[in-house]
Amino acid sequence: MIFAANFKTHHTRSSTRAYLQTLQTRLQDASTDHRVYVFPPATALERYEGVVTLGAQNIYPVVRGAYTGEIGLDQVEEFGIKTVLIGHSERRSLLGETQKKVAEKFAFFQSQGFEIFYCIGEPLLVRESGDRAVIEHLRAQFEGIDTDYTRLIVAYEPIWAIGTGRSATVSEIATTHAALREMTDAPLLYGGSVKQENIAQITAIDGVDGVLVGSASLDPEGFYRMMCC
Ligand code: 13P
């Protein structure tokens, strides 16, 4: 299973260090064979060698240049970062990233051989319109994306389930992942209010290869407990 923690705008450089130390110790002691990723804020990225893979939440698709407020390839390669999140709904909706921009980022990081966690997900209105509408919405989020890319990991995160405490149901996840399986061979993660109370149910679903966790990943002990349920 893949367990990925998206810190969003939580944790600092020093608290991320402490977090990784705790998590690393737990994972080593348990000698788990899960693949574990942490996406801290950009200020907390650093060269890190351990059982956890560090990834960037966002990188501008450029080596370097005049992109005020952004970081490019140079800034992450300094730390050996080769994993990136692309297409998160918060970037699509709050930061105005269009499908065209998302696809441009994808192509750039694919050309750089990055491991790409590609996020897709529908708003509530679409979910309420039924499974067909959801699938069409998700299909459109693959526009311009090479779904055969070997270092692709897809994260299905319904927008209405993110940060709301209301996860998608087992049947919604199972149906959606089955449809996604027709579109790509990539590992399929579920994200959206994944927590200790529902992790066992979610990871038991056929077609779920792992989870992308926000709030419930912020405490390393809690995140670790999710892996050993
Ligand atoms: P929550 O787990 O806080 O709902 O966030 C999910 C998410 O957006 C992970 O990328």
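Nothing in this text is a laboratory measurement; each read-out follows from the coordinates by a stated rule. These figures come from a predicted structure and were not determined experimentally. As a convention, Cβ positions derive from the backbone with ideal geometry for all residues, glycine included, and neighbour counts pool all protein chains shown.
General observations
- If you check Ile145, Ile153 for being more than 16 Å from the ligand (Cβ to nearest atom) and touching a Phe, Trp or Tyr at 6+ places or on another chain (Cβ under 6 Å), only one passes: Ile145.
- Complete set of residues in the stretch 148-164 that are β-branched (Val, Ile, Thr), under 17 Å from Asp209 (Cβ atoms) and touching a strand residue (DSSP E or B) at 6+ places or on another chain (Cβ under 8 Å): Ile153, Val154
Residues checked against (1) of a type in the set (Phe, Trp, Tyr); (2) part of a strand (DSSP E or B); (3) out of contact with any strand residue (DSSP E or B) (no Cβ under 8 Å at 6 or more places or on another chain):
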{"site": "Arg166", "(1), (2), (3)": "no, no, yes"}
{"site": "Ile173", "(1), (2), (3)": "no, no, no"}
{"site": "Asp185", "(1), (2), (3)": "no, no, yes"}
{"site": "Ser193", "(1), (2), (3)": "no, no, yes"}
{"site": "Gln196", "(1), (2), (3)": "no, no, yes"}
{"site": "Val211", "(1), (2), (3)": "no, yes, no"}
{"site": "Gly222", "(1), (2), (3)": "no, no, yes"}
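- Residue match in the stretch 162-179 (condition: on the phi > 0 side of the Ramachandran plot and within 15 Å of the ligand (Cβ to nearest atom)): yes
- Residue match in the stretch 185-196 (condition: within 14 Å of the ligand (Cβ to nearest atom), more than 17 Å from the chain's Cα centre (by Cα) and of a type outside the set (A, V, I, L, M, F, W, C)): yes
- Here Phe7 clears all of (1) buried (at least 18 other Cβ atoms within 10 Å of the Cβ); (2) within 16 Å of the ligand (Cβ to nearest atom); (3) free of Cβ contacts under 8 Å to residues at least 60 places away in the same chain except the condition numbered (3).
- Looking only at residues in the stretch 103-160 that are in contact (Cβ under 8 Å) with a residue 60 or more places away in the chain and outside any strand (DSSP E or B), the one that is farthest from the chain's Cα centre (by Cα) is Ile159.
- Residues (assigned to a helix (DSSP H, G or I) and more than 16 Å from the ligand (Cβ to nearest atom)) located in the stretch 20-43: Leu20, Gln21, Thr22, Leu23, Gln24, Thr25, Arg26, Leu27, Gln28, Asp29, Ala30, Thr43
- Scope the stretch 210-223; condition touching a helix residue (DSSP H, G or I) at 6+ places or on another chain (Cβ under 9 Å) and either within 12 Å of the ligand (Cβ to nearest atom) or in contact (Cβ under 8 Å) with a residue 12 or more places away in the chain (or both); matching residues: Gly210, Val211, Val213, Ala216, Ser217, Leu218, Pro220, Glu221, Gly222, Phe223
- Any hit, the stretch 59-81, residues being buried (at least 21 other Cβ atoms within 10 Å of the Cβ), of a type outside the set (A, V, I, L, M, F, W, C) and under 29 Å from Thr22 (Cα atoms): no
- Residue, surrounded by the fewest Cβ atoms within 10 Å (Cβ to Cβ), within the stretch 195-209, restricted to residues that are in contact with a helix residue (DSSP H, G or I) (Cβ under 7 Å, 6 or more places away or on another chain) and of a type in the set (Val, Ile, Thr): Ile205
- Taken residue by residue, the stretch 50-57 has at least one member that is of a type in the set (A, V, I, L, M, F, W, C) and assigned to a loop (DSSP other than H, G, I, E, B).
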